[in-house]
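**Q** Let me give you the structure first, and then I'll get to my questions.
What follows is calculated from the coordinates using simple rules that are stated; it is not laboratory data. All values reported here derive from a predicted model rather than from experimental measurement. A quick note on method: Cβ atoms are made from the backbone with ideal geometry, for glycine too, and the neighbour counts reach across all protein chains shown.
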């Protein structure tokens, strides 16, 4: 099973490969004596018209791609602004290096070939040649940002001392070599003399390569373990029977604030976040129906359980497994399967592999970056704006947990089908709130559970947001029946 430690080692290996490949020009330059090491740019070795340019370009492409892999797998879910800027700087370096070497090389050696310099001055070069200046400058800018930001982040967080102190030294060297390179590049225009720009730029590129190796070393020596799992549970109000609210797939406690507000005057209301969701720490493995039923059982005795969407399956499983510990169920637009069918064959093996990897991947910087770009927007589109949405749904572990629940759904449906055949449903009151048009599956479920079916024709799936009073009234109706 993929672990936090293993993702750290893979990230370290990726940065090690990136640093070595980015320094590959050092031995490869001896294959092309036509490029002067004293006065010519390093990138001239990769110019399209130069002999042995392909291994130089291939090494740079591999360096950029490996750097991107390393950034994606860094196990640093909440790095702060400085840390995020540093990793994004390295991501920019990786992307621009791939583009620079793979798609926009120089046409010819500008400083080594007078005819090339003349063609460039006259504008007789390709678009790739012109774009090369932009991509190489952005790649260097990304490396500089990471050199400035990651040591600051490491110092503030008292983590990775090698990165903090070694990065500070390299940042000074980068400032010196960059200033020297820019001065020498501008010198011919003012003095007519060409200085050792090749040496200055090689030192500059060498600092970047050494920085990548330093990042790899810091990650390799990282012994930080994941924090022990923590569950977020919120208890409000007083009164019996208690009400346990189970959010739907990828849901969080704050989606049920208005429902809880309508119940706390007469009930002890318990809201919680499943592992990885809301404010609970990351999940440790694929969720199962029995685990979710046990989670509900640990929260309250003789409770009314409110289950939304897929959590209705959790609630029913809890009632079948703990018939003496449930006062009733309110199933809010429940997920409903006419015939449960699990996965089989190669697709099942692939899903299992993804499920085993998700807990570790959810704690990586790449997952956090992806979650920040997608989940808050998805939340706004599906559930509307909310102040808590961005800080909660901008976390990689939430993305991983949501994907884990989605992948586990078919297996949970099979588990529930097996429970229905082996465990009778207790004689308890059940209310089903069915959103939208008439749903034959909800009608069949009501018949199976002996439930009261309450249609909500003008309501969408997120009943707790659109009609919170209907959910609260269903709980009150159920307690009267009980």
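**Q** Round to the nearest 10 and give me the degree value, 0 to 90, for the angle of helix 365-383's Cα axis relative to the longest principal axis of the chain.
**A** 50 degrees
**Q** Relative to the first principal axis of the alpha-carbon coordinates of the chain, what is the inclination of helix 161-191, with its axis defined by its Cα atoms, in degrees from 0 to 90 and to the nearest 10?
**A** 40 degrees
**Q** Once you put a point 7 Å from the Cα of residue 119 and another 7 Å from the Cα of residue 131, both along the Cβ direction, what distance in nm separates them?
**A** 1.8 nm
**Q** While we're looking at this one, here's another question. Using alpha carbon centroids, what distance separates the stretch 377-415 and the stretch 196-210, in Å?
**A** 46 Å
**Q** Taking Cα atoms, how many degrees apart are the long axis of helix 127-157 and the longest axis of the chain, rounded to 10 and kept between 0 and 90?
**A** The angle comes out near 60 degrees.
**Q** Now for a different question. Based only on the alpha carbon positions, what is the Kirkwood hydrodynamic radius of the chain, in angstrom? Intermediate values should be presented prior to the final figure.
**A** Working: mean 1/r = 0.0386 Å⁻¹.
It is 25.9 Å.
**Q** Return the distance in nm (one decimal) between the two label points of a simple spin-label model at residue 427 and residue 265, each offset 7 Å from Cα along Cα→Cβ.
**A** With each label placed 7 Å out from Cα toward Cβ, I get 3.4 nm.
**Q** Also: Can you pull the semi-axes for the stretch 4-220, root of five times each eigenvalue of the Cα gyration tensor, sorted largest first, whole Å? Walk me through the intermediate numbers first.
**A** Numbers: eigenvalues 203, 65, 41 Å².
Working through the eigenvalues yields semi-axes of 32, 18, 14 Å.
**Q** Continuing with this model, one more query. Just grab the label-to-label distance for residue 168 and residue 443, each label 7 Å out from Cα along the Cβ direction, in nm (one decimal).
**A** Rounded to a tenth, the inter-label distance reads 7.3 nm.
**Q** What percent do you get for the relative contact order of the stretch 4-220 when only Cα pairs under 8 Å and 6+ apart count?
**A** Computed value for the stretch 4-220: 30 percent relative contact order.
**Q** Using Cα pairs closer than 8 Å and at least 6 residues apart in sequence, work out the relative contact order for the chain, in percent.
**A** 15 percent
**Q** Still on this model: What is the calculated FRET efficiency for residue 221 to residue 476, with r their C-beta to C-beta distance and R₀ = 60 Å, to the nearest 0.05?
**A** 0.55
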